[in-house]
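Undergrad: A single structure is presented below for examination.
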Amino acid sequence: MEHREHTIDGLGCPAGPYRIDPLPKALDQMGWEHADDDHPIPQWDPKLYTVQPSEVCGLDSLESLRAWFDGWIDALRDSGFVIGLYEVPTDKARIGKRGQVVMSYLDAERVGTEPWEGE
């Protein structure tokens, strides 16, 4: 999940919904709802541990993405987010709970986007 316009300072890569400040108004509540065991930050997941400055978070499948952002897909789309698809070497990515991935953005190759359901 990445924004069409916002980028991460220092990396120049598209920003995800947790990296935009301020978050679009339609997504304010999502940040609070996602502070739970179903949406662990990398530091809470022993398989992920942390996020280095050149790393970003993602999800390992469309199914994981839809589950992670369940109830927020329309608001994300309407706020300018798209589903970015990346390929990354397995030794440059860590997969944790709920399909969350921490990966080296510098080693990831953007291979396209996935249309929103119904488009």
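Undergrad: Mean residue ellipticity at 222 nm from the helices of the chain, using -39,500 (n - 2.57) per DSSP H segment of n ≥ 4 over the full residue count, to the nearest 500 deg cm²/dmol? Don't skip to the end; give the middle numbers.
TA: Numbers: 3 runs with 19 residues, N = 119.
Rounded to the nearest 500, the figure is -3500 deg cm²/dmol.
Undergrad: Classify segment 52-91 as rounded, prolate or oblate, taking a ≥ b ≥ c as the square roots of the eigenvalues of its Cα gyration tensor: rounded when a/c is under 1.5, otherwise prolate if a/b is larger than b/c and oblate if not.
TA: Numbers: a/c = 2.33, a/b = 1.73, b/c = 1.35.
In terms of gyration-tensor shape, prolate.
Undergrad: Stokes-Einstein D for segment 2-114 at 10 °C, 1.306 mPa s, Kirkwood Rh over Cα pairs, in µm²/s?
TA: 110 µm²/s
Undergrad: Could you line up Y18, Y105 from fewest to most neighbouring Cβ atoms inside 10 Å?
TA: Working: Y18 15, Y105 20.
Fewest-to-most Cβ neighbours within 10 Å comes out as Y18, Y105.
Undergrad: Here's another thing I want to ask about it. What percent do you get for the relative contact order of segment 2-114 when only Cα pairs under 8 Å and 6+ apart count?
TA: Rounded, it is 30 percent for segment 2-114.
Undergrad: Would you list which lysines come within 19 Å of K47, measuring only between C-alpha atoms, while excluding same-chain residues fewer than 8 positions from it?
TA: K92, K97
Undergrad: Among P42, P53, P14, which one shows the biggest mean-square fluctuation in a GNM of the chain, springs joining Cα atoms closer than 10 Å?
TA: P53
Undergrad: Which part of segment 97-119 falls in the paramagnetic zone of D70, meaning amide N under 20 Å from the point 7 Å along Cα-to-beta-carbon?
TA: 97-101, 116-118
Values in this text are rule-based calculations from the coordinates and carry no lab data. As the structure is a computational prediction, the values presented were derived from the model and not from experiment. A quick note on method: Cβ atoms are made from the backbone with ideal geometry, for glycine too, and the neighbour counts reach across all protein chains shown.
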